[in-house]
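Reviewing the structure listed below.
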Amino acid sequence: MVLLAAALLALGGCATQVVNDVSVYHEWPVGVVKPGYVLVRESHQRDSLRHAAFERVVRAELNRAGFNELASGRFEISFDFVTGRLLRRVFEEAPFGGAYFWRSYGVPIYPWQHGGALELFDRRARMVRDELIYERALRLEIRDREAKPPRQVFEASAVNDGSEEDALEGLRYLMQAVLADFPGPNGKMRRIVIEVPRPAD
């Protein structure tokens, strides 16, 4: 449904918004407001320059949200970030003033994705063009090392998409969405819309 929301926003002239779908589950410790943390890597991420670039974005957004990176931080934070491409077919000559109908198809780019291909078009519509869409997905986990025994206290997954290939910017908006009102409602899917400043003329 991210693609559908993005398309509707674009049709409404809201090209400066990024739509993020976020799901959060947590058992956040009571009274912890500005947690100290340390970023940790999985074995497959250990020597990855790509992951190091993603870490810089994640670290900056964590710090901006009030987290404090410490060598002996109470919380371990790990994440996976993946990108993929989908082909969107745009239709026109639909009823009601030529509104656009479109279809997206492709395979899931991340293992925690649910749902399949999305189709929304009128049989009277005519295909105009294919558009390449870049889809980004983030999964972030936080583990409390001081709990007895140490345990997971926060899990979030988030997706967004757009016509720009810039993975780092996509990740930046995903992080902002995941950290909005942290730790946020437990066990709910939320749609976080982030306003992107328009470039200066």
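Only the coordinates and a few stated rules stand behind these numbers; no lab work does. The structure presented is a predicted model; accordingly, all values stated were derived computationally and were not measured. A quick note on method: Cβ atoms are made from the backbone with ideal geometry, for glycine too, and the neighbour counts reach across all protein chains shown.
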_What does the charge count around Pro183 come to, taking other residues whose C-beta lies under 11 Å from its C-beta (Lys +1, Arg +1, Asp -1, Glu -1)?_
-3
_Full-extension gain between Asn186 and Lys148, please, as 0.36 nm times their residue separation minus the C-alpha to C-alpha distance._
11.5 nm
*Could you tally the net charge around Leu140, taking each other residue with its Cβ under 9 Å from the Cβ of Leu140, Lys/Arg +1 and Asp/Glu -1?*
-2
*Once label points are set 7 Å from the Cα along Cα→Cβ at both Glu131 and Asn68, what is their separation, rounded to one decimal in nm?*
4.5
*With a sphere of radius 10 Å drawn around the Cβ of Ser163, what net charge do the other residues whose Cβ falls strictly inside it have (Lys, Arg +1; Asp, Glu -1)?*
-3
*Förster radius 30 Å - calculated FRET efficiency between Ala53 and Val90 (Cβ-Cβ, nearest 0.05)*: 0.40
